[in-house]
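Engineer: First, the structure itself, so that you have it in front of you.
The values are calculated or read from the model by the stated rules, or taken from the named source; none is laboratory data. Keep in mind it's a predicted model, so treat the numbers as computed, not measured. A quick note on method: Cβ atoms are made from the backbone with ideal geometry, for glycine too, and the neighbour counts reach across all protein chains shown.
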Amino acid sequence: MRQSQLFTKTRKDAPKGEVSKNADLLIRGGFIHKEMAGVYAYLPLGLRVVEKIKQIIREEMNNIGGQEIIMTALQRKELWEMTDRWDDANVDVWFKAMLKSGTEVGFGWSHEEPITDMMKHYLNSYRDLPIYVYQFQTKLRNELRAKSGIMRGREFVMKDMYSYTANTEMHEKFYAGVIDAYHRVFERIGLGDRTFLTFASGGSFTQFSHEFQTLTDVGEDTIYLHRTKKLAINQEVLTPEVMSQLGVSREDLEEVRAVEVGNIFNFGEVKSKQLGLFYRDEQGNEKPVILGSYGIGITRLMGTIVEILADEKGLVWPESIAPHKVHLIELSAKDDAARQTVKKAAEEYYAKLLARGIEVLYDDRADRSAGEKFADSDLIGIPWRVVVSEKTLAQKIIEVKKRAEKEARLSTFEHFIEEL
């Protein structure tokens with residue numbers, strides 16, 4: 001991508017009304033555009049990050065047998081009335097609307113009900129089980145507070161997966177597999193050492209649900225962390241009974257702030273009974289299907305990474321989810337002949353990087369100073385910065401700097417390619 005063709009521009013000033021670091025830097029860097037409080041558009045650089053996160057999650061969900069679908073955002077009122085969640089005071093985040101026909105509909109904040117209802121068309125026998133489906137879906141939640149940038153929005157992207165199994169043993173085996181897959185996801189996107197499986201209240205369906213909480217000072221949750229065992233307990237379930245069951249004591253637990261980036265939940269047979277999802281076993285007996293639900297906040301993860309890894313100069317992206325791997329910067333020379341020489345070399349490097357399958361943002365802008373280009377590069381946060389100038393060409397080298405490191409170094413282009 002040539003930066004001269006990128007329609008977005010960086011900004012020096014913080015956007016008005018934003019108090020969160022993630023929204024501040026992402027708007028200034030040209031990754032997102034604020035439409036209204038809690039609602040953001042994703043621009044070319046931002047969308048590339050979102051798609052990188054989605055692809056990592058897609059690979060891990062496919063590896064455990066997931067099949068990708070995408071459901072509708074509009075949802076039928078009667079489905080949610082069957083599970084008592086349409087007018088439930090505990091579910092006060094609905095956006096609702098009236099069709100011209102007079103039918104009332106909701107804008108999906110979750111999808112357990114419609115996917116479970118849909119499964120009645122495809123699931124009849126024990127031979128049809130298990131089924132694991134997931135989607136990347138824009139969710140709409142009428143949040144009272146929307147002040148944490150993309151970490152807590154009224155419109156956001158989520159991965160939600162649903163498992164349909166015949167028995168508890170089959171369900172628990174898959175549930176454990178999802179925990180392992182989630183740990184791999186967080187490791188791959190750069191949050192593995194800060195994200196912990198956290199025991200939370202399971203409500204009326206089961207003793208525990210599980211959250212994945214990432215440590216950060218801007219987190220809204222308080223959890224109690226056992227670093228040695230790599231587990232945590234949500235504040236709601238911190239009781240002597242729970243600590244005894246998990247084999248930990250209060251003295252071993254560290255009170256920390258965290259943000260919930262994922263959760264997994266066992267609905268058991270309840271949803272299936274409410275919605276009429278049954279299968280016939282080998283003896284021909286009708287039984288309810290066991291449901292599990294598994295979520296990861298895609299855009300929330302993106303904001304969390306910004307909050308944790310960004311520094312005083314701007315964004316710092318892990319290589320696995322960076323919009324590009326290399327930021328190639330061409331520095332203009334003083335006279336025309338030297339400028340043409342630098343441009344020719346930069347164009348050649350750009351072509352060679354692309355030929356190797358390396359994603360590059362090429363700063364070919366002729367109307368920007370070296371200082372402006374370097375400041376933009378720090379703000380955008382691409383992992384590798386490569387500088388081509390009259391000075392480096394005279395020595396037949398390039399200047400290389402990793403975004404997370406302070407010092408630049410000199411290298412031949414060939415050696416840099418090998419390093420990548």
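Engineer: Is there any pair with a first residue in segment 357-374 that is more than 23 Å from A338 (Cα to Cα) and assigned by TED's automatic domain parsing to the domain that holds V388 and a second that is modelled with pLDDT of 95 or more and not in a loop (DSSP other than H, G, I, E, B) whose Cβ atoms are under 7 Å apart and which are 6 or more apart or on different chains, and what are they?
Structural biologist: Between residues of segment 357-374 that are more than 23 Å from A338 (Cα to Cα) and assigned by TED's automatic domain parsing to the domain that holds V388 and residues that are modelled with pLDDT of 95 or more and not in a loop (DSSP other than H, G, I, E, B), the close pairs are I358/V326; V360/V326; V360/L328; V360/Y350; V360/L353; V360/L354.
Engineer: Right, something else. If I go through segment 391-417 residue by residue, how many of them are aliphatic (A, V, I, L, M), without any contact (Cβ under 8 Å) to a residue 40 or more places away in the chain and in a strand (DSSP E or B)?
Structural biologist: 2
Engineer: Still on this structure: Sort out which residues of segment 68-124 are free of Cβ contacts under 8 Å to residues at least 24 places away in the same chain and small (G, A, S), and write them in order of number.
Structural biologist: Once the filter is applied, which keeps residues that are free of Cβ contacts under 8 Å to residues at least 24 places away in the same chain and small (G, A, S), segment 68-124 yields A89, A97, S101, G102.
Engineer: Another question, if that's okay. It is to be established whether one or more residues within segment 56-78 are closer than 30 Å to E312 by Cα and in the same structural domain as T299 (by TED's automatic domain parsing).
Structural biologist: yes
Engineer: Counting only residues that are in contact with a Lys or Arg (Cβ under 9 Å, 6 or more places away or on another chain) and part of a helix (DSSP H, G or I), which one in segment 305-332 is nearest to L197 (Cα to Cα)?
Structural biologist: Taking the candidates together, the pick is I308.
Engineer: Going through A166, A176 one at a time, which residue ends up being free of Cβ contacts under 8 Å to residues at least 12 places away in the same chain, closer than 28 Å to D128 by Cα and either small (G, A, S) or in contact with a Gly (Cβ under 9 Å, 6 or more places away or on another chain) (or both)? First the steps, then the outcome.
Structural biologist: Numbers: A166 fails: free of Cβ contacts under 8 Å to residues at least 12 places away in the same chain.
It is A176.
Engineer: Further, regarding this structure: Considering only segment 140-157, state which residues are touching a Ser or Thr at 6+ places or on another chain (Cβ under 8 Å), surrounded by fewer than 22 Cβ atoms within 10 Å (Cβ to Cβ) and either in a helix (DSSP H, G or I) or not β-branched (V, I, T) (or both).
Structural biologist: Matches in segment 140-157: K147, E155.
Engineer: Follow-up question, since we're still on this one. If you take the residues of segment 1-14 that are touching a strand residue (DSSP E or B) at 6+ places or on another chain (Cβ under 6 Å) and not charged (D, E, K, R), which of them is surrounded by the fewest Cβ atoms within 10 Å (Cβ to Cβ)?
Structural biologist: The first filter runs over segment 1-14 and keeps only residues touching a strand residue (DSSP E or B) at 6+ places or on another chain (Cβ under 6 Å), leaving 1-3.
Now narrow it down to the ones that are not charged (D, E, K, R): 1, 3.
Numbers: M1: 16, Q3: 22.
Looking at the filtered set, the residue picked out is M1.
Engineer: If you go through segment 278-295 one residue at a time, do you hit one that is modelled with pLDDT of 95 or more and within 19 Å of K402 (Cβ to Cβ)?
Structural biologist: Start the filter on segment 278-295 by keeping residues that are modelled with pLDDT of 95 or more, which leaves 278-295.
Narrowing the set further to residues that are within 19 Å of K402 (Cβ to Cβ) leaves none.
No: zero hits.
Engineer: Kindly indicate whether any position in segment 338-357 is under 26 Å from V49 (Cβ atoms) and not in a helix (DSSP H, G or I).
Structural biologist: Yes, that holds for at least one residue.
Engineer: Return the only residue of T222, T198 being touching a Lys or Arg at 6+ places or on another chain (Cβ under 8 Å) and assigned to a strand (DSSP E or B).
Structural biologist: The unique qualifying residue is T222.
Engineer: To continue, here is another question. Please go through segment 1-48 and give me each residue that is under 20 Å from R145 (Cα atoms), in a loop (DSSP other than H, G, I, E, B) and of a type in the set (F, W, Y), ordered by number.
Structural biologist: Within segment 1-48, no residue meets the criteria.
Engineer: Still on this structure, please answer the following. Going through K96, K52 one at a time, which residue ends up being at negative phi, touching a strand residue (DSSP E or B) at 6+ places or on another chain (Cβ under 7 Å), in the same structural domain as D117 (by TED's automatic domain parsing) and at pLDDT 95 or above? Show your work before the answer.
Structural biologist: On the way: K52 fails: touching a strand residue (DSSP E or B) at 6+ places or on another chain (Cβ under 7 Å).
It is K96.
Engineer: Just checking, which of E255, E282, E260 is surrounded by 14 or more Cβ atoms within 10 Å (Cβ to Cβ), touching a residue at least 12 places away in the same chain (Cβ under 8 Å) and among the charged types (D, E, K, R)?
Structural biologist: Details: E255 fails: surrounded by 14 or more Cβ atoms within 10 Å (Cβ to Cβ); E282 fails: surrounded by 14 or more Cβ atoms within 10 Å (Cβ to Cβ).
Going through E255, E282, E260 in turn, just one is surrounded by 14 or more Cβ atoms within 10 Å (Cβ to Cβ), touching a residue at least 12 places away in the same chain (Cβ under 8 Å) and among the charged types (D, E, K, R): E260.
Engineer: Would you confirm whether or not segment 117-138 contains a residue that is part of a loop (DSSP other than H, G, I, E, B), closer than 26 Å to F156 by Cα, hydrophobic (A, V, I, L, M, F, W, C) and within 21 Å of the chain's Cα centre (by Cα)? Before the answer, list the steps.
Structural biologist: Going residue by residue through segment 117-138, those that are part of a loop (DSSP other than H, G, I, E, B) are 122-124, 129-130.
Adding the requirement that they be closer than 26 Å to F156 by Cα leaves none.
Within segment 117-138, not a single residue is part of a loop (DSSP other than H, G, I, E, B), closer than 26 Å to F156 by Cα, hydrophobic (A, V, I, L, M, F, W, C) and within 21 Å of the chain's Cα centre (by Cα).
Engineer: Based on this model, can you work out whether E236 counts as surrounded by fewer than 18 Cβ atoms within 10 Å (Cβ to Cβ), at pLDDT below 95, under 30 Å from K21 (Cα atoms) and under 27 Å from the mean Cα position of the chain (by Cα)?
Structural biologist: Spelling it out, E236 is indeed surrounded by fewer than 18 Cβ atoms within 10 Å (Cβ to Cβ), at pLDDT below 95, under 30 Å from K21 (Cα atoms) and under 27 Å from the mean Cα position of the chain (by Cα).
Engineer: If the requirement is being surrounded by fewer than 19 Cβ atoms within 10 Å (Cβ to Cβ) and touching a residue at least 40 places away in the same chain (Cβ under 8 Å), which of these qualifies: K325, K344, K273?
Structural biologist: Of the residues listed, the single one that is surrounded by fewer than 19 Cβ atoms within 10 Å (Cβ to Cβ) and touching a residue at least 40 places away in the same chain (Cβ under 8 Å) is K325.
Engineer: Quick one: which residue in G17, G108 is surrounded by 15 or more Cβ atoms within 10 Å (Cβ to Cβ), within 22 Å of F156 (Cα to Cα) and among the small types (G, A, S)?
Structural biologist: Matching residue, one of G17, G108: G108.
Engineer: Any residue that is under 27 Å from R194 (Cβ atoms), outside any strand (DSSP E or B), assigned by TED's automatic domain parsing to the domain that holds E172 and not basic (K, R) - is there at least one of those in segment 286-299?
Structural biologist: Taking every residue of segment 286-299 in turn, at least one turns out to be under 27 Å from R194 (Cβ atoms), outside any strand (DSSP E or B), assigned by TED's automatic domain parsing to the domain that holds E172 and not basic (K, R).
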